[in-house]
1. Would you call Asp361 assigned to a loop (DSSP other than H, G, I, E, B) and either open to solvent by 30 Å² or more (accessible area, probe 1.4 Å) or modelled with pLDDT of 85 or more (or both)?
2. Which one of the conditions (1) at pLDDT below 80; (2) over 12 Å from the mean Cα position of the chain (by Cα); (3) surrounded by 13 or more Cβ atoms within 10 Å (Cβ to Cβ); (4) of a type in the set (A, V, I, L, M) does Leu388 fail to meet, given that it meets all the rest?
3. Can you name the helices (runs of 4 or more DSSP H) wholly within segment 168-278 that have at least 2 residues being over 27 Å from Leu99 (Cα atoms)?
4. Would you mention how many residues in segment 291-309 are under 18 Å from Gly277 (Cα atoms) and aliphatic (A, V, I, L, M)?
5. If you check every pair at least six apart or on different chains, which have Cβ atoms under 7 Å apart with a residue in segment 293-304 that is within 18 Å of Ser343 (Cα to Cα) first and a residue that is open to solvent by 10 Å² or more (accessible area, probe 1.4 Å) and among the aliphatic types (A, V, I, L, M) second?
6. Which pairs turn up if I take residues in segment 369-390 that are over 16 Å from Ala40 (Cα atoms) and look for partners that are open to solvent by less than 90 Å² (accessible area, probe 1.4 Å) with beta carbon separation below 6 Å, at least 6 apart in sequence or on another chain?
7. Starting from residues that are modelled with pLDDT under 90 and among the charged types (D, E, K, R), keep the ones in segment 253-290 and report whichever is surrounded by the fewest Cβ atoms within 10 Å (Cβ to Cβ).
8. Any residue in segment 264-289 that is within 10 Å of Leu168 (Cβ to Cβ) sitting within a Cβ distance under 7 Å of a residue that is in a loop (DSSP other than H, G, I, E, B) and among the polar types (S, T, N, Q)? List the pairs, counting only those 6 or more apart or interchain.
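The values are calculated or read from the model by the stated rules, or taken from the named source; none is laboratory data. Quick caveat, the model's predicted, so the values are computed rather than measured. Note that each Cβ is placed from the backbone with ideal geometry, even for glycine, and that neighbours are counted across all protein chains shown. SASA here: full protein model, heavy atoms, side chains in, ligands and nucleic acids out. Shrake-Rupley method; radii C 1.70, N 1.55, O 1.52, S 1.80 Å.
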Amino acid sequence: MLKKLKEIRTLNAFVKKQSVGMQRKLMLYWVSMILVIFAAAILLLSVAGAFSQNDEQLHEVMELHLKNTQDNLVGHLDHLTAQSLNLSKELSREIEGALVQEGISLQEVNDDPERLLKLQEVMYPPITSTLQTANCNGAYAILDATANTALPVAGHSRSGIHLRYSNLSASSPVTPTVVYFRGMADIARQKDLELHNRWNLEFDTDQIPGCRELMDAPLNRPAQRYFWSRRIDLKDTWESVMLLCVPIVGSDGTVYGVCGVELSAQYFQLSYPAVEGKFGSAVTALAPVQDGRLLLSDGLVGSVSGTYLDGLETLAIHQGRYYNEYATGTERYIGLHQIIPISRDDDGGTDWAVAILIPQDSYAAYTADVQRTWIIAALGLLLALLALSFFLARRFVRPITDSLKRFQQEELPEQGLSSGISEVDELAEFLNARARNQRLEQGELPPNIAELFDQFVARKDLLTEAERNILRYYIDGHEIAEIPDLAFISMSTVRKHNRSIYEKLGVASRDELMLYIDLLRRCGRLQELF
């Protein structure tokens, strides 16, 4: 018996070691499967473009912003062009009428301040009307004539009128003040206008590239040729502007001069503020494109709040899939641009573009935040899956380990194990059957039969000495009829002792008593009755 229990414990210990290994293997299997699924999910998300979604969203936002800005800016410039062409038409009529009335040509007005004053007096109403109605900050007209041809600068000094707004402000609701920037001071006194602190009598046409060529060109009508100048610095001021140059053409094809409107850098900044978004501040720019470069220094730039732009950079353009990169050497911007027609027969066919620019650092900071969120979410998901794999491994292995622990009992349960796993239950049933067979082969009693025998033997102490003698005769094989002669007692006394023996030992008949005696003899426990 002891040898058998030792063998069972050895088997159980071996099985227990194998169960720990099985739990680890199952855990490793779950972890491996989860990592494969996790890697496949990352790959599918990458192929589906989930990680390039920021670039796609940026492209959509900038494309929409560029389209809206382009529509607004082109509409703005077209409106200014139409008003300037109308200004040219009105000035041509007024100048031609004044010259016909005097019976002179424009060349005869040179060196004659009085006649120049009369021409400026008829030019003033159309110019001031254009300034008041046009979405600009200045209007002007230049005559191809000068008050003093003897001066050294007479070759590029020309008479005319230039009216400007002086106190532009995005935060102030005050109506801008009109100042007199160029022209004869008599007009300013007549109209009660303030002279600009950098007022000059005449224009310096050398400061307006293309102006002299436009005056000298043979033209039949103003719409035949006009252009927006590149950004120029107004002489003796800190301001820079772009001028729309439209020829003033007479009925006979004589070009009397140039007129148009002004867009200053300050006015453009107020008209096109930076747009704050999740990707950064989007800046609007109108600039020429030449040799793969965006020349901000020759164009106008909207408000640059939230960026490092100063509007004087030359940006190298690098085309990209979702957006372009614009580099200055030290600073980088991302965005899109679109070529737009703003001039007709201008300086060498320069292409002008409207551009939307966002600092690359702002976009990089946004994408870093998004990537950080992705990483945290992915790690959280991975940890949750690993915890799930650990839980599942324990849940599947625990019934096995609990069943194996029951094998450590002194004797295997007769009713078998119920672990919920058919293979483990079959193994337990097999071990139980084999143990029962081995006990029977070695003469051992099953636990429930052994308990009955223990109770039977224990009740022998209830017998009297006479009853024990009678029991001994039965054990020795004597029949009931032989007992009176052997014990020297009557048959009725024998029967009385039999009833007492049956009652005390818990048997119902002599046959049941003899069965217990026979089984005890076979098990080697008969001597326990004495």
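1. When the stated conditions are applied, Asp361 does not pass them.
2. Going through the list (1) at pLDDT below 80; (2) over 12 Å from the mean Cα position of the chain (by Cα); (3) surrounded by 13 or more Cβ atoms within 10 Å (Cβ to Cβ); (4) of a type in the set (A, V, I, L, M), Leu388 breaks only (3).
3. 265-271
4. Matching residues across segment 291-309 total 2.
5. Leu294/Ile317; Leu296/Leu312; Leu300/Ala265
6. What qualifies is Val370/Asn54; Ser389/Trp30; Ser389/Val31; Ser389/Ile34.
7. Ranking the candidates gives Glu276 first.
8. Hits for this filter: Ser264/Asn137; Tyr267/Asn137; Gln269/Ser303.
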